[in-house]
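See below for the structure under consideration.
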Amino acid sequence: MKLFPYAHATHPQWPMAAGLVLAQLRAQMALHGYASAPTLALLYITDHYAPHAKDILDMLSGELPLVTDWSGTVGVGIAANNVEYFDEPAMAVMLLELPSHEYRVFSGIAPLGLGFEAHTALVHADGDTPDLVELIDEMAARTDTGYLFGGLTSSRTQSVQFAVAADGNLRGFGAASGVLHGGLSGVAFGEGVGMVSRVTQGCKPVSKARVVTEAEHNVVITLDGEPALDVMLHDLGISLEHPQEALEVVRATLVGLVQTPGQGAGDSALVRQTGNLGSDVTVRHIIGLDPGRRGIAVAAQVQTGAHMAFCQRNREAAQVDLVRICAEVREELEPQELTVETAFALQQSEAEAAPHPARRIAGAVYVSCSGRGGPHFGGPSAEMHIVRRALGDVPLVGFFAGGEIARNQLFGYTGVLTVFTSP
């Protein structure tokens, strides 16, 4: 598998940004080792460009006639290798050269057909879609692995998605523009497309894992058999006798949940030995207290038997966990016995190393929470700088989402890194 050409640009006028992107893509497609005949494109734009989504897609697809399939969405921020664009007009594109029988673009207009066996799928979803959690779970069930990756659109203007399928066009895609509003869209991939995916958490537990022994809808009534409110006050070291101080602490506190009973035990499933949250944990806000039942209301339906811990957003924990998942990806891809070419490519300093096939990463997609990014990590583009230093210099695009999708779950305050691997 050859390296995927990718490009990104910012400019107040979208045609100028699109022109810059096209120039970068064409230059890379002419380089040795890069894909020269891609058919699938991923397109991400910031919400400044959302009103011009159709014109952007028309221009890019018209200038790249070999690319027959498009997928993507809008975010309040977008990402590319080593850079983030927040609160500015920008776009990023990556071109994938994959066998046509190994992927399908899908949407509400061009649904995933029964004739395609999906191994996994990249999913873009509108957060206002009714029964969204159930739709994500249903989509995951339609794949062999049950694994999805992606995120929810995030926009202060229009929430748009891109979905153009060559197969769909031939079968009555009709006059649809390829720019959609609402629902789910994305790309399903066959078993022949190699991938490695990891979830990184952005919060640090501030209590031990406890078992939800009684819950009603989204209200946790007891933890380990004790009133949940009393447990929270004890774990956070606060008292209702000092309401203002207690309120400030509670506002800064979230809960980490592992919903499936029997999925591990206590800390082993919820909190790692390193003190970080496990990758199966969904983080949710505390939205209220129930003094009558001494309970806690959280922004999720909670099952009796679930495991729960109180947690808080933490820059250092997020940095360490992000480095960890990048290291895991590299470790999984690096062979036990290295050729001279591979060893040379891997040993170069990250500041000097260009994307190289020897790294076995053709391209990557990174979806991060809109509450993360540089501001959370301490500086402009800080999150993507960490990814580049830890993963290496690889083609990468992505966006900052209103919620992150991994497996069959909807996460928050996380990052989902997925790399396309070559043999």
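The values are calculated or read from the model by the stated rules, or taken from the named source; none is laboratory data. All figures in this text were calculated on a predicted structure; none of them were measured in a lab. With ideal geometry, Cβ positions are generated from the backbone for all residues, glycine too; neighbour counts draw on all protein chains shown. Remember, those area values only see protein heavy atoms, side chains included, never the ligands or the DNA or RNA. Shrake-Rupley method; radii C 1.70, N 1.55, O 1.52, S 1.80 Å.
What pairs come out if I take residues in segment 280-302 that are acidic (Asp, Glu) and pair them with residues that are at pLDDT 95 or above whose C-beta lies under 6 Å away, six or more apart or interchain?
Asp290/Val219
Hey, does segment 28-38 have a residue that's of a type outside the set (Val, Ile, Thr), surrounded by fewer than 23 Cβ atoms within 10 Å (Cβ to Cβ) and part of a helix (DSSP H, G or I)?
Yes: one or more hits.
Looking at segment 92-108, can you tell me whether even one residue there is touching an Asp or Glu at 6+ places or on another chain (Cβ under 9 Å), among the basic types (Lys, Arg) and closer than 19 Å to Glu404 by Cα?
Within segment 92-108, none of the residues are touching an Asp or Glu at 6+ places or on another chain (Cβ under 9 Å), among the basic types (Lys, Arg) and closer than 19 Å to Glu404 by Cα.
Any residue in segment 384-412 that is closer than 21 Å to Phe162 by Cα sitting within a Cβ distance under 8 Å of a residue that is open to solvent by less than 10 Å² (accessible area, probe 1.4 Å) and among the basic types (Lys, Arg)? List the pairs, counting only those 6 or more apart or interchain.
So the pair list comes out as Phe400/Arg372.
Condition first: at pLDDT below 95, closer than 16 Å to Glu226 by Cα and of a type in the set (A, V, I, L, M, F, W, C). Now tell me which residues in segment 297-307 satisfy that.
Listed by number, the list holds a single entry, Ala306.
Residue-by-condition table, conditions (1) of a type outside the set (A, V, I, L, M, F, W, C); (2) buried (at least 21 other Cβ atoms within 10 Å of the Cβ); (3) at pLDDT 95 or above; (4) assigned to a strand (DSSP E or B):
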| site | (1), (2), (3), (4) |
| --- | --- |
| Tyr85 | yes, yes, yes, yes |
| Met94 | no, yes, yes, yes |
| Leu98 | no, yes, yes, no |
| Phe116 | no, no, no, no |
| Thr120 | yes, yes, yes, yes |
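May I ask you to list pairs of residues, at least six apart or on different chains, whose Cβ atoms are under 6 Å apart, with the first in segment 151-162 being under 14 Å from Pro89 (Cα atoms) and the second being of a type in the set (Val, Ile, Thr) and surrounded by 24 or more Cβ atoms within 10 Å (Cβ to Cβ)?
Matching pairs, first to second residue: Ser155/Val74.
Yes or no, residue by residue, for (1) modelled with pLDDT of 90 or more; (2) open to solvent by 60 Å² or more (accessible area, probe 1.4 Å):
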residue	(1), (2)
Arg171	no, yes
Ala188	yes, no
Val193	yes, no
Thr200	yes, no
Cys203	yes, no
Val211	yes, no
Glu214	yes, yes
Val219	yes, no
Leu223	yes, no
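What helices (runs of 4 or more DSSP H) completely inside segment 320-423 contain at least 1 residues that are out of contact with any His (no Cβ under 9 Å at 6 or more places or on another chain) and either modelled with pLDDT of 95 or more or among the β-branched types (Val, Ile, Thr) (or both)?
340-347, 382-391
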